[in-house]
1. Tell me which residues, restricted to the stretch 40-65, are touching a strand residue (DSSP E or B) at 6+ places or on another chain (Cβ under 6 Å) and crowded, with 20+ Cβ neighbours inside 10 Å.
2. Restricting to the stretch 109-139, what's the tally of residues that are more than 29 Å from PHE163 (Cα to Cα) and hydrophobic (A, V, I, L, M, F, W, C)?
3. Report the residue count in the stretch 127-143 for those that are assigned to a helix (DSSP H, G or I) and touching a residue at least 24 places away in the same chain (Cβ under 8 Å).
4. Does the stretch 134-155 contain at least one residue that is of a type in the set (Val, Ile, Thr), crowded, with 16+ Cβ neighbours inside 10 Å and within 14 Å of the chain's Cα centre (by Cα)?
5. Which of the residues that make up the stretch 91-104 are in a loop (DSSP other than H, G, I, E, B), surrounded by 12 or more Cβ atoms within 10 Å (Cβ to Cβ) and not aliphatic (A, V, I, L, M)?
6. Looking only at the stretch 1-16, decide whether some residue is under 20 Å from the mean Cα position of the chain (by Cα), among the aliphatic types (A, V, I, L, M), under 17 Å from LEU128 (Cβ atoms) and at pLDDT 95 or above.
7. Scan the stretch 110-124 residue by residue and report those that are surrounded by 15 or more Cβ atoms within 10 Å (Cβ to Cβ) and either farther than 29 Å from ILE142 by Cβ or of a type in the set (Asp, Glu) (or both).
8. Looking only at the stretch 167-186, which residues are assigned to a helix (DSSP H, G or I), exposed (fewer than 11 other Cβ atoms within 10 Å of the Cβ) and among the polar types (S, T, N, Q)?
Amino acid sequence: MNSKFYKTDLKENAIDDLEKLFKFLELAKQDKSYWKWVIIALHSSLYKFMLLALKNSDCSGVWEQAEKKKVKLIYKIDPFNSKNKVISFLKAFKWIQDTEKMSRYMNSKAFISTLEIDKAMGKLNTTLRNQFFHFKPTDWLIEIQLIKEIKQRTLPIIRFIIFESNTVTIEESQLLIIDKMLKRAK
């Protein structure tokens, strides 16, 4: 491929975000401003791994359904059509817990959440990530221990998607990288 282009996909992006998460965790030990990037990378990585778990081979399964006159339309989704919207982070989290949405392949299974994980995902998305991404001018104190707890409660979702859900096809070399990073997180 021509060196003038950068080629990527959802899987590569998810793994890259996970790698960046761990780089930012290391940098946060020396500079607290990196905790912001820890939150953003954690959110982004989780989101992309959830989309991977839900995405069908034709790229369907991760889009909001269009509605017209209160009747759902079923059509092939064009990812480059600006009217189409990818499901939200919290909807993706809800959908990976839906047996029907996660049963595309033989032996596929849905994620079983807990109240602690539900709360952590809500705080990660709404309280932390949204505030950093859509920053409103304010003074803001964030307890670092809260970020660490959210990370510990939410990273097992990635482990489940990659190693237990049976919904994502992934190369052995990528499995080793993901496994190494997730073990390091403990």
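The values are calculated or read from the model by the stated rules, or taken from the named source; none is laboratory data. Quick caveat: nothing in here was measured; it's all calculated off a predicted structure. Cβ atoms come from the backbone with ideal geometry, glycine included; neighbour counts cover every protein chain shown.
1. VAL62
2. 3
3. Residues meeting the conditions: 4.
4. Among the residues of the stretch 134-155, at least one is of a type in the set (Val, Ile, Thr), crowded, with 16+ Cβ neighbours inside 10 Å and within 14 Å of the chain's Cα centre (by Cα), which makes the answer yes.
5. Within the stretch 91-104, GLN97, ASP98, LYS101, SER103, ARG104 meet the criteria.
6. no
7. Within the stretch 110-124, ALA110, ASP118 meet the criteria.
8. Once the filter is applied, which keeps residues that are assigned to a helix (DSSP H, G or I), exposed (fewer than 11 other Cβ atoms within 10 Å of the Cβ) and among the polar types (S, T, N, Q), the stretch 167-186 yields only SER173.
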